[in-house]
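Q: Let me give you the structure first, and then I'll get to my questions.
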Amino acid sequence: MGTAKQSIRQVLAENVAKLKARRDWTQAQIASRGGLSQTHVGNVLRAEVNPTTEILEGLSRAFGIPEWLLLVPNLPVELLDSNEVPAMLQTWLALRLPR
């Protein structure tokens, strides 16, 4: 039987939680680094809000990764917290796009 598809809220919450734990940050540290309120960060971690572009931008700024990477499900935290996936995508695009 297949697994249920995660909502964007759930994927974002999971990825933020993984990064938070990996870096041993508090919600307040994420909020401060991302220019967000601690309430927004808590709501994201509990998957209680639909992510706005402002929230995604703030979280991206806090963690220093592209916004879209926060929405990729099931990435190991080692890939989520590195530039490997964006670099692989850039390489793939360079090979695929006509010159």
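Each value in this text was obtained by applying a stated rule to the coordinates, not by laboratory testing. Worth saying up front: this structure is predicted, and the values here are computed from it rather than measured. Cβ placement follows ideal geometry from the backbone for every residue including glycine, while neighbour counts extend to all protein chains displayed.
Q: Taking into account only those residues within the range 32-43 that are touching a residue at least 24 places away in the same chain (Cβ under 8 Å) and crowded, with 18+ Cβ neighbours inside 10 Å, which is farthest from Pro76 (Cα to Cα)?
A: Leu36
Q: Among the residues of the range 66-99, write down those that are assigned to a loop (DSSP other than H, G, I, E, B) and touching a residue at least 24 places away in the same chain (Cβ under 8 Å).
A: Val72, Pro73, Leu75, Asp81
Q: Identify all residues within the range 12-52 that are touching a Leu at 6+ places or on another chain (Cβ under 8 Å) and of a type in the set (S, T, N, Q); write none if there are none.
A: Asn15, Gln27
Q: To continue, here is another question. Quick one: would you say Arg9 is of a type outside the set (S, T, N, Q), surrounded by fewer than 18 Cβ atoms within 10 Å (Cβ to Cβ), assigned to a helix (DSSP H, G or I) and in contact (Cβ under 8 Å) with a residue 40 or more places away in the chain?
A: Here the answer is yes, as Arg9 does meet what is asked.
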